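The values are calculated or read from the model by the stated rules, or taken from the named source; none is laboratory data. Keep in mind that what you see is a predicted model, and the values were worked out from it rather than measured. Neighbour counts run over all protein chains shown; Cβ positions are idealised from the backbone, glycine included.
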Amino acid sequence: MRDKEIPPHQEQQQEEPAKNSSCFKKTESHGQVMDKVAARIQKKHTAERHGRQPGRKTAALALLHVAGQSAPRAFLWAKRADRLQCCRTAIPSAPLLATRLNKMITIGPIVLSNPFLLAPLAGYTDLPFRLVCREQGAALTVSEMISCHGLLYGQKQTFAMLKTVPEERPWSVQLFGSEPESMGRAAALVSAMPVDILDINMGCPVPKVVKKGSGSALMKAANLQQAEAIIRAVVNNTDRPVTVKFRSGWNDASICAPDFARMCESAGAAAVTIHARTWAQQFGGKADRRVIAAVKQAVSIPVIGNGDILCYADGLAMMKETGCDAVMIGRAALGNPWVFQPSGIPETLAGRLPVILRYLELADQHLDTERLHFRIKNHASRFLSGLPGAAAIRQEIIGSDSLAEIEKVLKKKAMLA
C-alpha cells in the first residue's frame, strides 16, 4: 500500500549534528548565540529588578543575532556596544529590529531570544524538523498536537511525539481535549517531562477534532465556560507557564477573539496566540490583522500573532502593524526553515544542501526511518520548492529506498546545478 501524505492542515509542532557534519560549526555558533542572548536578557531583567543598570551588550547581541550576523561579529559588536549610547547607534540601518528586540518576549519565567516562533503542525513538526528550525533561528518550537486521552491511555505513538533533546530548549507541548479533568491530568503528566511551556489548542478547525468538542469548537458561545474550565484545570496542574492558541472566532458573525483572550488571561494563561482566521475560513482567505491588534489591546500578557507570515519581513510587518509581541510561523516554514532568518531561503540547491542534509542526519538519529520513510521523503522534497528542475529531483527522492540514497541524489544534483 502506498504511503499517504499527511496534509499540513493543523497548526501545531524535533536535534543536533555530529561534530564532523559539514554544517556543524555554523549551526553550533548560531545556537550558542541564541542561548547566550536568552541568558543575558534574563540577567538584564534580574539586574533591573534589583535596581542596577544593565549592560548594553544584551540588547546589542540580541539585535545582531536577529539581524543575521555571525556569532563572532555579534560578540564583537556586543563588546563595542559598551562604549556606545545604545545598540541602535551600532546598527542604524535596522531601527525596526532594534525596536522589536529591545522588548524581548517573556512567557512566565521563560525568556525567548527573538520574536520568531515555530507553530505546531500535525504530521510535520517532528523532532528533526523542529531542531532544524531552531538552528535556523526559531526562538521556540512546539510539539505536534498531543491528545490528552492519548497520554492518559499511555499510547506509545502519543508519547513518541514528546521526544525532545536539550538542544531544543525552550520548547512547548501543545495539548488538546474537551474535558477539564482529563486536560488537567494530562498537564500533570507532561509537567514531569523536560518541557518549558504548556500550550492548549483551541483553534484547530479539523472536523474530527471539532466534532469531539476540542479545538475551535471551544470558541463557540455555548462552550466558553468549558474552555475557561480547561485552562484553569491545566494551570492548576502544572508549574509551567500555560499558553492558549485560538482563532478569531467561529465565523465572521461571531468574532470573539478579544473577549476570548481576556478570558484566557483571567483563567491564568501566561500568553496567547491568535490565528487571525475564523473556523469557517479554515486555512483559506486572508488573516485579519485587525483582530490581532484588538487582542493586543485587550490583554496585558504577551500576544503572538499567526497567519499569512510567508517570510521574515512579513513577521516584522505584522508586529509593527498590530503591536503583537511575537509571531508564530506554521505552513510557510515547511520546506523553508530559513524563514526565521532575515536572509531568507537560498536560491540554489547548493545553498540549501547543508540544511537538507542536516535534516536527514537528524531524522536518522531520532525517527523510525523505516516506518516514517515517506514523511522524511516528503520533508526532503519540500526543501526543493522553487528550484529549477525540482519536480524531477522530487521524483527521484520519492522513488528512493533509504536516506543514503536521498543524500546521494541531492549531492549529485547540487554538483550539476
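For segment 162-178, a residue qualifies if it is buried (at least 24 other Cβ atoms within 10 Å of the Cβ) and among the aliphatic types (A, V, I, L, M), and the qualifying residues are V173, L175. When S300 is tested against (1) of a type in the set (S, T, N, Q); (2) modelled with pLDDT under 95; (3) farther than 22 Å from G137 by Cα, only condition (2) is not met. Residues that are of a type outside the set (K, R), modelled with pLDDT of 95 or more, buried (at least 22 other Cβ atoms within 10 Å of the Cβ) and assigned to a helix (DSSP H, G or I) do not occur anywhere in segment 269-278. Within segment 119-161, the set of residues being among the hydroxyl-bearing types (S, T, Y) and either surrounded by 24 or more Cβ atoms within 10 Å (Cβ to Cβ) or under 21 Å from N336 (Cβ atoms) (or both) comprises Y124, T125, T141, S143. Considering only residues in segment 183-242 that are under 24 Å from G123 (Cα atoms) and among the acidic types (D, E), the one that is farthest from the chain's Cα centre (by Cα) turns out to be D196. Within the group V355, V291, V295, which residue is in contact with a Phe, Trp or Tyr (Cβ under 8 Å, 6 or more places away or on another chain), at pLDDT 95 or above and not charged (D, E, K, R)? Residue meeting the stated conditions: V355.
Determine whether G203 is assigned by TED's automatic domain parsing to the domain that holds R247, surrounded by 18 or more Cβ atoms within 10 Å (Cβ to Cβ) and modelled with pLDDT of 95 or more. Can you show your working first?
Details: assigned by TED's automatic domain parsing to the domain that holds R247: yes; surrounded by 18 or more Cβ atoms within 10 Å (Cβ to Cβ): yes; modelled with pLDDT of 95 or more: no.
Considered against the rule, which asks whether it is assigned by TED's automatic domain parsing to the domain that holds R247, surrounded by 18 or more Cβ atoms within 10 Å (Cβ to Cβ) and modelled with pLDDT of 95 or more, G203 comes out as no.
When segment 383-417 is filtered for residues that are of a type in the set (K, R) and surrounded by fewer than 13 Cβ atoms within 10 Å (Cβ to Cβ), only K412 remains.
Per the listing A217, A186, the residue uniquely touching a strand residue (DSSP E or B) at 6+ places or on another chain (Cβ under 6 Å) and either more than 30 Å from P354 (Cβ to Cβ) or aromatic (F, W, Y) (or both) is A186. When A333, A380, A390, A326 are checked against the criterion of being modelled with pLDDT under 95 and under 21 Å from the mean Cα position of the chain (by Cα), a single residue qualifies: A380.
Filtered by the rule that a residue be among the small types (G, A, S) and farther than 21 Å from D364 by Cα, segment 378-413 gives S385, G386, G389, A390, A391, A392.
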